[in-house]
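Just below is one structure, and these are the notes that go with it.
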Amino acid sequence: MPVTPQTLRNWKHQPQPFVMLTAWDWAIAQIVDQAGVEVILVGDSLAMVALGYANTLPLTLDQMIHHSQAVCRGVKQALVVVDLPFLTYQESIAQAIHSAGRILKESQAQGVKIEGGSPEIVETIAKLTRIGIPVMGHVGLTPQSVHQLGYKQQGKTEAEAERILKEAIAIAEAGAFALVLEHIPAPLAAQITEKLPIPTIGIGAGSACDGQVLVTADLWGLSETLPPFAKAYINGRATLTEATQAFIQDVKSRQFPPNL
Ligand code: KIV
Ligand code: NA
C-alpha cells in the first residue's frame, strides 16, 4: 500500500521509527523507494548536492518542479513530499497557495514542506491544510535562514528551546501532518515528540523522534563535507572514483571494449 500523509500521521504511535530520505532524480528515487524508505523528500538541499550551489537560497520553483517530476516517476511506494524553495511561500499566503498548488498539479507529490514557525508561517500552514494541501513543518535549524542562523545547533538556551517548542505546538495545531526537527538537542526533540499529536522527523535531533531523515548524498558519501550529525554508510566518492579510474585504465590498455 502506498504511503499517504494520513498513513504517516497514524505512525505517531508506532514503536519503530520510520525513515525519510531525500531524492532529486528518477534513478535515486527508484533506489531509495525500492530499498524500502517510507517517505521521500525532494529536499531543497538538491540545490547543493545536485546543482552545486553554496546553499539552498538560489533554487527556483521551476527547478523544484522539474526535479519533483523526475523523482515521482521513480516512486511506487513511498510518500513524496516536496520542499517549497526560499521565497516561494514567505511573501504571502496567496504566493504559498500558488507555489504549493503548482507542485501538486505538475508532479505526483502529495505534500509540501515549509520552513519556520513564525505566526506568518503558522497562518500559511493553516490556510494550505484548510484547502486540502498536506503540509510538513520544519523547525530548529532552518537552512533557508542560513544568513540569519548559520548552520549551528538551535535551541541550546532555555529561551530558544521554549520558543521552538511553542512553534512546534502551533504548527501541529495549524494542521501539519508531520514536523521535521533539525539540529536541536536530543532532550528538546524528545520533549517535542512527546507533546505533539503528529510525528516528528529528526535530523541531528537524537533517537527519540518518530522518524529519521538524512540527505541521501550524505548517506551515500557523495557530499564534500558531512554535517556533524550525518553518517556516510558508503564512501560513494571513493568507490565511484575507483570504478571510473578502472574504466580509464581498461580503455588505455585496450581491455575495454570487447571485440565482438
Ligand atoms: O532539504 C533537505 O534535505 C531537508 C532535510 C534535511 C530535512 O530539508
Ligand atoms: Na530542505
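The values are calculated or read from the model by the stated rules, or taken from the named source; none is laboratory data. The model shown is predicted, which means the values in this text are computed figures rather than measured ones. Quick reminder, even Gly has a Cβ in these numbers, built from the backbone with ideal geometry, and neighbours come from all protein chains shown.
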Inspect all residues belonging to region 50-62 and state whether any of them is among the small types (Gly, Ala, Ser) and in contact with a helix residue (DSSP H, G or I) (Cβ under 6 Å, 6 or more places away or on another chain). no
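What about Thr157, is it more than 16 Å from ligand 1 (Cβ to nearest atom) and not aliphatic (A, V, I, L, M)? Steps first, answer last, please.
Numbers: more than 16 Å from ligand 1 (Cβ to nearest atom): yes; not aliphatic (A, V, I, L, M): yes.
Answer is yes for this residue.
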Filter result for the condition that a residue is more than 17 Å from the chain's Cα centre (by Cα) and in contact (Cβ under 8 Å) with a residue 40 or more places away in the chain, over Ala70, Ala27, Ala96: Ala27
Counted residues, region 78-117 - those being surrounded by fewer than 17 Cβ atoms within 10 Å (Cβ to Cβ), away from ligand 2 (no atom under 16 Å from the Cβ) and assigned to a loop (DSSP other than H, G, I, E, B): 3
Report yes if Phe247 is over 21 Å from the mean Cα position of the chain (by Cα), at pLDDT 95 or above, aromatic (Phe, Trp, Tyr) and not in a loop (DSSP other than H, G, I, E, B), otherwise no. yes
With the condition kept exactly as written, say whether any residue in region 116-130 is touching a strand residue (DSSP E or B) at 6+ places or on another chain (Cβ under 9 Å) and charged (D, E, K, R). no
Is it the case that region 176-194 has a residue that's surrounded by fewer than 18 Cβ atoms within 10 Å (Cβ to Cβ) and under 27 Å from Ile133 (Cβ atoms)? no
